[in-house]
Amino acid sequence: MHARPPTDRARPLAARAVLAITGVLSVGSVAAWWASAPPWHPWMLYSLVDLVVGAIYGVVAWLTLSRRAHLAAWIMAAAGVGGAVSAAAAAYDMVRFRWPDLDVPLPLAGIAYWAWVPGFYALAVVLPWLLPVRPLGRAARAAVGVGVAFIVVAQVCAVTVPGVPWALSLTGPAAGVRATVDPWLEPVLVLLALVAAAGVLWRRRAAPPARRHGLGWLAVGTLLLAGAFVPLALNPLLPVRVPTPSAPLLMLGAQAFFPASVLVVVLRQRLWGLELVVRRTLVWALMTALVIATYVGGVLALRALLPASSAVPEVVVTASLAAAFQPLRHWVQRRVDRLVHGDTGQPLMRQVADRLRATDGGTQMLDAVADGISASLRLAEIRIVLAGGPDCVSPTSVALVNGDRRVGTLHAWPRPGERLDGRAAAALTDLAPVVTALAELAAAQHDLERSRQGLARARDEERRKLRRDLHDGLGPALSGVSLALAAGRNMLRPHRHLSEVAAADELLDQLVAEVDRQAAGVREIARDLLPPLLDDGALGPALDRLRERYAAAGLTVRVNAPPLRLREEDATAVYGIVAEAVRNVHRHAGVERCAVDVSTGPDGLTVSVADHGVGIGGAAGTGVGTRAMRERAEAIGAELTIGPARAGQARPGTRVCLRLRLPEVTR
């Protein structure tokens, strides 16, 4: 995990402050509107826009600042605070109009004209260049600089509006410049917003698939913001002014979409860890904006058709919203769930993770990933084919590539009668790096298993060769020496004194006996290395032979093993571990008997060697024999445990237990 830059650390105090300011001012504005009940005027729609901007962006800024203080988060905070302050100032003006004797500070009267400008304009001309989070290129830095310069000019014009209480006054050339610049602010704003939307679309086209998610939404949201200012931009160009309600109504519609588009980019690109709260926030923001916009639009439309004094528009629209609210909320919730998590409403990665927990790795892991993806995206089938695997033809395929090396291919089939939509295709592309890593892991496990089996076969082959050399080479050679010595003894008898001949004869007899013993020992070693009975995987007869050999040495070995055949490398490793464990009992346990138990079950093969001797000490656990047993177990992928057979006893004994998962056990 990479550490965040110091400038991007979360600012929880600032986040709570933004939420508190926008919340208090928004509630106060609504209360002031309700108390003053001013006569309707189309310009009030702008105050409604400020109220919506303050409420929505206050929450969005709180979410983002509490996780990362990126410049985009500060812009949304400025938009939220500016909108809430402007709405509160306009509401106080209404209160002052309703109660003229109420002493309200005069500076509040002019704040509504300029407090909203920096944040609102930055949403359209600066914020689109900052998402997704990345190092800005030269063109993006230039565009941000131009946007900031434009906002400064617009702010100066806003705080110097003639006739506004407590506004700055400009005289002389400055006033003339302002009068020339002010009518063209909206046209320039529309142009800069269109350029920002074009920049988003260009980044979407040039970015890799994993970095494109949500950029289409952001481009549409920026275009809607630009379109909201078109009526104001046309005023200096047209001989007839555009009706006042058109611009704020378009702004309300844009604010129902733009914050959602920002959250989609943040969520789909996983920028600030908002996955846990964005779903509810997105539903709340969309519902708030839709209800407000529907109420205002419905009331205005009905008032144009009904008498001005009638209360029917408010009653009809309120009743309609009350009846449609719950179905509308479910409709929005389903769309948000589909956007965020896929059709099932359950996070895609959670579906995959739940299935991975039940696998043992390898190709089962890939099958679990494929099942999780197909279930979450509601596809007919997902198939992951490793490089070099069987050919497969599917309607949609995603290459799994690591650098310049192709790891495999992810194939997808939609359900009958359906087609793979853009969201599902984007999700598959987004998952490709994760699936690639899992495919590489599965391939590595497969290669490791093959390598392990190859090493086991090579080791067993070397042991066979050693057995042949000892049994067929050294053993006969020693036997030949024994025969030669016997012949030498016979040759000495006619030519020596009887006493010397007797001494030589006795010595040669000793040599013959010693060589015979050594030859028998070599043959025993050869049988211990790899009993011939293991060549066909028959473990039971080999253990019986081991029991007979130790019975002659004074150790009773009880063998309880069902008749079964294992893979040759597995049988060899199991026998080697049992032989080493019995050898340790014979040498170190101080007992006359031990037990070897072999059993099979759903989990595979279990083999234990137990005695009731003195037990195993700490040093014994790291001896050569113990290391050899552990190496044999690791070579076949088995689990080996060595511990006391009876814990807490004066003579705890020792139990060596081997557990081996087998694909198939033949009886």
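The values are calculated or read from the model by the stated rules, or taken from the named source; none is laboratory data. Because the structure is predicted, anything quoted here is derived from the model rather than measured. FYI the Cβ positions are ideal-geometry reconstructions off the backbone, even for glycines, and counts take in every protein chain you see. Calculation scope for accessible area: heavy atoms of the full protein, side chains included, ligands and nucleic acids excluded. Shrake-Rupley method; radii C 1.70, N 1.55, O 1.52, S 1.80 Å.
Would you mention how many residues in the range 539-558 are crowded, with 21+ Cβ neighbours inside 10 Å and within 19 Å of Arg659 (Cβ to Cβ)?
2
Filter the range 381-411 down to residues that are touching a His at 6+ places or on another chain (Cβ under 6 Å) and not basic (Lys, Arg), then give me how many there are.
Adding up the residues that qualify gives 3.
So for the range 533-540 (the condition being at pLDDT 65 or above and within 23 Å of Ser479 (Cβ to Cβ)), does at least one residue qualify?
no
For the range 631-652, name all the residues that are at pLDDT 85 or above, surrounded by 14 or more Cβ atoms within 10 Å (Cβ to Cβ) and out of contact with any helix residue (DSSP H, G or I) (no Cβ under 8 Å at 6 or more places or on another chain).
Within the range 631-652, Gly643, Pro644, Ala645, Pro652 meet the criteria.
Select from the range 394-434 the residues that are of a type in the set (S, T, N, Q) and either open to solvent by less than 40 Å² (accessible area, probe 1.4 Å) or closer than 17 Å to Ala207 by Cα (or both) and write down the one among them that is modelled with the highest pLDDT.
Among those residues, the one meeting the criterion is Thr409.
Quick check on Leu534: is it touching a Ser or Thr at 6+ places or on another chain (Cβ under 6 Å), of a type in the set (A, V, I, L, M) and in contact (Cβ under 8 Å) with a residue 40 or more places away in the chain?
Taking the combined requirement at face value, the residue satisfies it.
Taking helices (runs of 4 or more DSSP H) that fall entirely within the range 23-136, which contain at least 3 residues that are of a type outside the set (S, T, N, Q), within 27 Å of Ala219 (Cβ to Cβ) and free of Cβ contacts under 8 Å to residues at least 60 places away in the same chain?
Because the criterion is at least 3 residues that are of a type outside the set (S, T, N, Q), within 27 Å of Ala219 (Cβ to Cβ) and free of Cβ contacts under 8 Å to residues at least 60 places away in the same chain, the helices (runs of 4 or more DSSP H) in the range 23-136 that meet it are 44-65, 71-98, 117-125.
Please state which one of Ala91, Ala115, Ala73 is under 26 Å from Leu192 (Cα atoms) and touching a Gly at 6+ places or on another chain (Cβ under 9 Å).
On inspection, the qualifying residue turns out to be Ala115.
I want to confirm something. Restricting to the range 7-47 and keeping residues that are open to solvent by 40 Å² or more (accessible area, probe 1.4 Å) and charged (D, E, K, R), which single residue is nearest to the chain's Cα centre (by Cα)?
Checked the range 7-47; the qualifying residue nearest to the chain's Cα centre (by Cα) is Arg9.
Look through Ala456, Ala442, Ala477 and report the one residue that is out of contact with any strand residue (DSSP E or B) (no Cβ under 9 Å at 6 or more places or on another chain), open to solvent by less than 60 Å² (accessible area, probe 1.4 Å) and at pLDDT 70 or above.
Of the residues listed, the single one that is out of contact with any strand residue (DSSP E or B) (no Cβ under 9 Å at 6 or more places or on another chain), open to solvent by less than 60 Å² (accessible area, probe 1.4 Å) and at pLDDT 70 or above is Ala456.
Identify, please: which residue in the range 579-619 is of a type in the set (Lys, Arg) and either part of a helix (DSSP H, G or I) or in contact with a Gly (Cβ under 7 Å, 6 or more places away or on another chain) (or both) and is, among those, most open to solvent (accessible area, probe 1.4 Å)?
Arg587
Can you give me the number of residues within the range 152-202 that are in a helix (DSSP H, G or I), farther than 15 Å from Tyr113 by Cβ and either touching a Pro at 6+ places or on another chain (Cβ under 6 Å) or free of Cβ contacts under 8 Å to residues at least 24 places away in the same chain (or both)?
Summing the residues that are in a helix (DSSP H, G or I), farther than 15 Å from Tyr113 by Cβ and either touching a Pro at 6+ places or on another chain (Cβ under 6 Å) or free of Cβ contacts under 8 Å to residues at least 24 places away in the same chain (or both) in the range 152-202 gives 15.
What tally of residues in the range 48-94 results from selecting those that are among the hydroxyl-bearing types (Ser, Thr, Tyr), out of contact with any Pro (no Cβ under 7 Å at 6 or more places or on another chain) and surrounded by fewer than 24 Cβ atoms within 10 Å (Cβ to Cβ)?
The qualifying residues number 1.
Pick from Gly216, Gly221: which is touching a residue at least 24 places away in the same chain (Cβ under 8 Å) and either assigned to a loop (DSSP other than H, G, I, E, B) or surrounded by 16 or more Cβ atoms within 10 Å (Cβ to Cβ) (or both)?
Just a single option satisfies the conditions, and that option is Gly221.
Looking at (1) modelled with pLDDT of 80 or more; (2) closer than 20 Å to Leu441 by Cβ, find the lone condition where Met349 falls short.
Here Met349 clears every test but (1).
Looking at this structure, is Trp184 modelled with pLDDT of 85 or more, surrounded by fewer than 20 Cβ atoms within 10 Å (Cβ to Cβ) and more than 25 Å from Leu51 (Cβ to Cβ)?
For Trp184, the condition - modelled with pLDDT of 85 or more, surrounded by fewer than 20 Cβ atoms within 10 Å (Cβ to Cβ) and more than 25 Å from Leu51 (Cβ to Cβ) - is met.
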